[in-house]
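Undergrad: This is the structure I have questions about; it appears just below.
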Amino acid sequence: MGYIRLDVFLVILSFSAFFIIQLFLDTFISLILVFVVFGLNFLAFIIIWYEFFNYKEFIDPLFKKKPSQNVIGKIKADGEIKNVLIFSGHIDSQYQFNLLTYLKAGYGIVSLLGLGVLFIWIGVSIVFFFLTLLAFILQFSVIYDVFFIIVIWCLIIGGIPLIALLFFTSPGERANKVPGAVDNLSAIAVILGLGRYLKKNKEVIPKNTEVRLIAFGCEEAFLRGAFRYVAAHLDELKEFNTECINLEMIQDSNEIIIWNYEPTTRTHHSEELVQKILHTAELLNIKAKISPMGGEGIIGKLLGKTSGGTDATAFTKSNIKACTFTSTDFLKAAEYWHTPRDTFDKIKDGALENALKLCLGYIIKESISD
C-alpha cells in the first residue's frame, strides 16, 4: 500500500508548487512551476492507474522485497490428463486499514473525499497547465485567481481526508494486526475440506481430470501470487482444458454470490463457468446469484470500483476460464474487513458447509457429465 502515501505526497507537493506560482505571475518561472504542478499530478495519476486499476508492478523497485509463496496440492484421476480443475483462495491477510479500524462507516466518506480531491486536482491542473501555456503563447495574463479559489475549496472540503490517507496503513509490522478469518482463511478452510474429501473419495473426480487446490500468497499485494503462478504455468494451463474457481470471503450462509465482473481491474470472467456454477447451486438448492463485484446500484458500483480484484483475474487476463464466488455482503463487511475485528466469530454457521457443498457438487456434476 506504499503507493498511496507516495501519491498523496506528490499531490501535496503539487499543491505547494501551485501556491508558489503567485509569487512569479506572468514570468517564465510561473510557467516552469505550472509544468511542475502538472508533472507531479500526472505522475500521481500514472502510479494509481498502473498499481491499483491495472495491478501492474509499476513502482515496486522503490520498495523492499519480501518473500511469499503459493501452496499447491494436486489430486489426479485415472487416465491421461486432459482437464485441470483449480479451486483456489488466498492465504495472506491485508495490513490493518487504520481509517476503517477507527472510523468504521466514516472510512468511506474520508477515503472518497481524499481520493476525490486527488482526482479533481489532477483534472484541474491539466486545464490550468494548458490555459497557462496558451496565455504565454498569446501574451495575455495567466488566469490564476479562478484556479486559486478552486484549490482553496478543494482543500477546505478534502484537505484533511487527503492528509488522512497518509496514515491509511501503518509502516512495518505495526500494521500486521489482521487475523483474516473471513478474508480469506474462510476460503482456505473450504479448500482444505475439499482436499480431505477428495483424498478419500477419488472416484468422484471426473475422468482425465487433475484437481488442483491452491492457496495463493500475496493476493493483498495486487494478486502477485496468482499472477506469478499463471505466468509460470501458462503453457501447461492452456494445453489442458483449465478452469479456476476462486473462493473469496465465505462468511454468510444465506446466499452465494458469483462474481462475473470485477470493476476495479475491468475483468469480465468466463460466462460459461459462471453459468455452470449457478446451475450447480440450483441443483443443490443453494441460493445463489450472479453479480458484479460490489453489487448493483450506485453504492455497489462505487464499492466495486474501489475494492480491488480477486485471484481469478490473473487467470481471466490470460484467457483461462475463471471466476470467483463469495458469500459476503460488502456493506456489512465494512465492520471487520481489513481490521483486527476480522475474527472467526464473524463466519456464520453453515457458510463454509455451503461453499464446500458447492465445490464438491461442481466436481460430481462434471463427473456425471463425462
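Nothing in this text is a laboratory measurement; each read-out follows from the coordinates by a stated rule. Everything quoted here is computed from the prediction, not taken from an experiment. Backbone-built Cβ (ideal geometry, glycine too); neighbour counts: all protein chains shown.
Undergrad: Under a plain spin-label model, where a point goes 7 Å from the Cα along Cα-to-Cβ, how far apart in nm are residue 202 and residue 82?
TA: The two pseudo-label positions are separated by 2.0 nm.
Undergrad: Pull up the DSSP beta bridges for the chain and report the antiparallel fraction as a percent, rounded to 5.
TA: So the antiparallel bridges amount to about 30 percent of the total.
Undergrad: Still on this structure: One quarter of the convex hull surface, Cα atoms only: what value does that give for segment 43-123 in nm²? Each step should come with its number before you reach the end.
TA: Values: hull surface 37.8 nm².
Average of the hull's projected areas for segment 43-123 equals 9.5 nm².
Undergrad: Another question, then. Kindly write out, for segment 281-293 in residue order, the coupling ³J(HN,Hα) from the Karplus curve 6.51 cos²θ - 1.76 cosθ + 1.60 (θ = phi - 60°), rounded to whole Hz, with x marking Gly and Pro.
TA: 4, 5, 5, 8, 6, 9, 5, 8, 8, 9, 7, x, 4
Undergrad: Then there's this: Just from its helices, what would the mean residue ellipticity at 222 nm be for the chain, if runs of 4 or more DSSP H residues each count -39500 (n - 2.57) and the sum is divided by every residue, rounded to the nearest 500 deg cm²/dmol? Mind dumping the intermediate values first?
TA: Details: 12 runs with 185 residues, N = 370.
Here the helix-only value at 222 nm equals -16500 deg cm²/dmol.
Undergrad: Residues of segment 231-252 with the amide nitrogen closer than 15 Å to a label point 7 Å from the Cα of residue 285, along Cα-to-Cβ, please.
TA: Hits in segment 231-252 for residue 285 at 15 Å: none.
Undergrad: Segment 74-96 to segment 132-180: how many Å between their Cα centroids?
TA: Centre-to-centre (Cα) distance: 43 Å.
Undergrad: Given a cut-off of under 8 Å on Cα pairs at least six residues apart, what relative contact order in percent is computed for the chain? Provide the component values of the computation, followed by the final result.
TA: Working: 670 pairs, mean separation 90.8, N = 370.
About 25 percent, as a whole number.
Undergrad: With a cap of 14 neighbouring Cβ atoms within 10 Å, and only residues DSSP puts in a loop, list the GluC sites (Glu not before Pro) found in segment 332-370. Each step should come with its number before you reach the end.
TA: Details: sites: 335, 353, 366; in loops: 335.
Those satisfying the criteria are 335.
Undergrad: I've got another one for you. Only one of the values (i) 480; (ii) 135; (iii) 150 was calculated from this structure for volume of the Cα convex hull per residue in Å³; name its label.
TA: Only one listed value fits the structure, namely (iii).
Undergrad: Say a site is exposed when it is one of the trypsin sites (Lys or Arg not before Pro), sits in a DSSP loop, and has at most 11 other Cβ atoms within 10 Å; what is then the longest site-free stretch of the chain?
TA: On the way: sites that count: 64, 65.
With trypsin sites (Lys or Arg not before Pro) excluded where exposed in loops, the chain gives 66-370 as its longest stretch.
Undergrad: Could you pull the Cα extents of segment 1-99 along its three principal axes, largest to smallest, in whole Å?
TA: Result for segment 1-99: principal-axis Cα extents of 79, 31, 22 Å.
Undergrad: Out of all Cα-Cα pairs in segment 272-346, roughly what percent, to the nearest whole number, are more than 17 Å apart? Walk me through the numbers on the way to the answer.
TA: Numbers: 1597 of 2775 pairs.
Looking at segment 272-346, the distances longer than 17 Å represent 58 percent of pairs.
Undergrad: Gap in Å between the Cα centre of segment 268-316 and the Cα centre of segment 183-237?
TA: 18 Å
Undergrad: Right, here's the next one. Determine the relative contact order of segment 239-307: mean sequence separation of Cα pairs under 8 Å and six or more apart, normalised by residue count, in whole percent. Let's see the in-between values first.
TA: Values: 76 pairs, mean separation 23.5, N = 69.
The value is 34 percent.
Undergrad: Considering only DSSP beta bridges with both partners in segment 240-356, what is the antiparallel share in %, to the nearest 5? Please report the intermediate quantities before stating the final value.
TA: On the way: 5 of 15 bridges.
Approximately 35 percent, going by the DSSP bridge assignments.
Undergrad: To the nearest 20 debye, what charge dipole does the chain have about its Cα centre, counting +1 at the Cβ of each Lys and Arg and -1 at the Cβ of each Asp and Glu? Kindly include the intermediate steps, with their values, before the conclusion.
TA: Working: 34 positive and 36 negative charges, 110 e Å.
Charge dipole of the chain: 520 debye, to the nearest 20.
Undergrad: With springs connecting C-alpha atoms under 10 Å apart, model the chain as a Gaussian network and identify which of 316, 132, 209 has the largest mean-square fluctuation.
TA: The residue with the greatest mean-square fluctuation here is 132.
Undergrad: Return one quarter of the surface area of the convex hull spanned by the alpha-carbon atoms of segment 145-301, equal to its mean projected area, in nm². Provide the component values of the computation, followed by the final result.
TA: Numbers: hull surface 59.1 nm².
For segment 145-301, the mean projected area of the Cα convex hull comes to 14.8 nm².
Undergrad: With θ set to phi - 60°, apply the Karplus curve 6.51 cos²θ - 1.76 cosθ + 1.60 along segment 68-75 and write out the HN-Hα couplings as whole Hz, x wherever there is a Gly or Pro.
TA: After applying 6.51 cos²θ - 1.76 cosθ + 1.60, I find 8, 7, 9, 10, 10, x, 10, 10 Hz.
Undergrad: Sticking with this structure for a sec: Modelled label-to-label distance, residue 343 and residue 60, 7 Å Cα→beta-carbon offset: nm?
TA: About 3.6 nm separates the two model spin labels.
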